[in-house]
Amino acid sequence: MQDAQDHKHCVGIVLAGGRSRRMGRDKALLECGGISLLRHQVDCLTQACAQVAVSGDYPGFDCVPDIHPDGGPLAGMHAAAKRFPGNALLFLAIDTPAMTPQALRQLQTQGVPCHYHAQPLPCHLPDAVRLADVIEAIWAAGGKPSVQALHRELASRVLPVADSALFENLNTPAQWQAFRSKGKADKDI
């Protein structure tokens, strides 16, 4: 039996609104395969979703500004949920360029909130209205809000990780250099 969520339009969201403090420069503008990391992530999501937007402020892209600035990934997720009510949302972090469209589509097939084991992002959240409500409740409760806390509140399904290399996270110049030294940033991923 198909879940009612399967019929919702899924919007892909690249979470690129952070300050890239540890990297020392905007991660979204790093070059990957001759294009910006932002363009690479948008293209990856485009293979899984008919519509893609960017959490952040980047001319030339459909951008979703944070409603609550400096709120981390939850602020970007909240703004996307408010902008696209009635839709399913598929979130991808800017700093995981080895992620594949196939792994993203696997999340979409679940029909429920889900993410991969030990990796809060990427994630598929099929009810934008509920997503916004849960994030607002997390913020109202105080404490340190996180994507992990969001998944706990949503009782997200956890999928096994088939290839941990997909989740290589690039937060620092050293991580970026190691990624480049493997030749991954200079060819199509």
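The values are calculated or read from the model by the stated rules, or taken from the named source; none is laboratory data. Since the structure is predicted, the reported quantities are computational estimates derived from the model, not experimental observations. To get the accessible areas, we keep the full protein, side chains included, count just its heavy atoms, and leave off ligands, DNA and RNA. Shrake-Rupley method; radii C 1.70, N 1.55, O 1.52, S 1.80 Å.
If the segment from HIS68 to ASP133 were pulled out straight at 0.36 nm per residue, it would be longer than the present Cα-Cα gap by 22.0 nm. Of all DSSP beta bridges confined to the chain, the antiparallel ones make up roughly 35%.
Could you work out how much longer the chain between LYS182 and ARG152 gets when fully extended? Use 0.36 nm per residue separation minus the Cα distance between them, nm to one decimal.
Numbers: separation 30, 0.36 × 30 = 10.80 nm, distance 3.51 nm.
Separation in residues times 0.36 nm, less the Cα-Cα distance, equals 7.3 nm.
Summary value for region 56-122: 21 percent relative contact order, contacts being C-alpha pairs under 8 angstrom separated by 6+ residues. Applying 0.36 nm per residue to the separation of ALA140 and ASN169 and subtracting their alpha-carbon distance, the gain on full extension is 7.5 nm.
For ILE13, the residues 5 or more places off, or on other chains, whose built amide H falls under 5 Å of its own are ALA53, LEU90, PHE91, LEU92. Estimated purely from DSSP H runs of n ≥ 4, each contributing -39500 (n - 2.57), the mean residue ellipticity at 222 nm for the chain is -9500 deg cm²/dmol once divided by its residues.
Ranked by accessible surface with a 1.4 Å probe, highest first, in what order do TRP139, TRP176 come?
Order by accessible area, largest first: TRP139, TRP176.
In this structure the amide hydrogen of CYS63, modeled in the peptide plane, comes within under 5 Å of the amide hydrogens of VAL54, none closer than 5 places in sequence on its chain. Would you work out what percent of the accessible area of region 24-151, with all protein chains in place, is carbon or sulfur (probe 1.4 Å)? In region 24-151, the share of accessible area belonging to carbon and sulfur is 55 percent.
For the chain, lysine pairs with C-alpha atoms less than 20 angstrom apart, excluding pairs fewer than eight positions apart on the same chain, total 4. Protein heavy-atom accessible surface, 1.4 Å probe, per residue over region 112-189: 53 Å².
By the Stokes-Einstein formula, at 1.567 mPa s and 4 °C, region 42-180 with its Kirkwood radius over alpha-carbon pairs has D equal to 83 µm²/s. What separates the Cα centres of region 66-105 and region 38-59 is a distance of 10 Å. Each residue of region 51-56 is assigned a 3J(HN,Hα), and the resulting list reads 10, 9, 10, 10, 7, x Hz, derived from the Karplus form 6.51 cos²θ - 1.76 cosθ + 1.60 (θ = phi - 60°), x at Gly and Pro.
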